[in-house]
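Structure record follows, encoded as structure tokens.
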Amino acid sequence: MISLNVNGKVYTVDVPKDTPLLWVLRDNLKLMGTKYACGIGECGTCTVHVDGKAERSCAMTVEEVKGKKVTTIEGIPDSHPVKRAWIKEQVVQCGYCQPGVMMQVAALLAERPTPDAEKVISKMDDVICRCGTYLRMKKASRLLFR
């Protein structure tokens, strides 16, 4: 049994300690906002916050996050500037990569409340978008550093 703090709530799960965090979030906790794509930590679709830092949940085990605070897209409040910007600019098309991109940018804002445009776009570009909403994401991100 492993205890995890996810979105401010403590859960106990009965999984092997080497189980990827992503699978525990989706299969055990039914938090479906965090997506699976590459499975090797490269594409960024599965990004969550671990103690406030953007991390790839497909490449981390539950053992690695024991005693740490995990935040998924479901744990980011609707009033968060990133969510408001995405809604205002109607960014989502297929929506598959959006949670990962939003988590990347939210972590940056927590670290640096007034980032420059280049830094925001660099963090956004860490996540691969399959449907091509990069221009809308960049437009929304500009609202964050005006």
Would you tally the residues in segment 18-32 being assigned to a loop (DSSP other than H, G, I, E, B) and either open to solvent by 70 Å² or more (accessible area, probe 1.4 Å) or on the phi > 0 side of the Ramachandran plot (or both)? 3
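Does CYS43 satisfy the criteria of being buried (at least 20 other Cβ atoms within 10 Å of the Cβ) and either in contact with a Phe, Trp or Tyr (Cβ under 8 Å, 6 or more places away or on another chain) or in a loop (DSSP other than H, G, I, E, B) (or both)?
Values: buried (at least 20 other Cβ atoms within 10 Å of the Cβ): yes; either in contact with a Phe, Trp or Tyr (Cβ under 8 Å, 6 or more places away or on another chain) or in a loop (DSSP other than H, G, I, E, B) (or both): yes.
When the stated conditions are applied, CYS43 passes them.
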Mind checking which residues of segment 73-87 are under 18 Å from CYS46 (Cα atoms) and among the charged types (D, E, K, R)? GLU74, LYS83
Within segment 47-81, can you find the residues that are assigned to a strand (DSSP E or B) and of a type in the set (D, E, K, R)? LYS53, GLU55, ARG56, LYS69
Of all residues in segment 83-122, which are open to solvent by less than 80 Å² (accessible area, probe 1.4 Å) and over 24 Å from LEU21 (Cα atoms)? ALA85, TRP86, GLU89, VAL91, PRO115, ALA117, LYS119, VAL120, ILE121, SER122
Scan segment 46-82 residue by residue and report those that are touching a Cys at 6+ places or on another chain (Cβ under 7 Å) and either open to solvent by 30 Å² or more (accessible area, probe 1.4 Å) or over 19 Å from MET32 (Cβ atoms) (or both). ARG56
Which residues, taken from segment 4-16, are open to solvent by 60 Å² or more (accessible area, probe 1.4 Å) and of a type in the set (S, T, N, Q)? THR12
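The values are calculated or read from the model by the stated rules, or taken from the named source; none is laboratory data. From a predicted model like this one, the values you see are computed outputs, not experimental measurements. Cβ: placed from backbone, ideal geometry, glycine included. Neighbour counts: every protein chain shown. The area values use the complete protein model at the heavy-atom level, side chains included, leaving out ligands, DNA and RNA. Shrake-Rupley method; radii C 1.70, N 1.55, O 1.52, S 1.80 Å.
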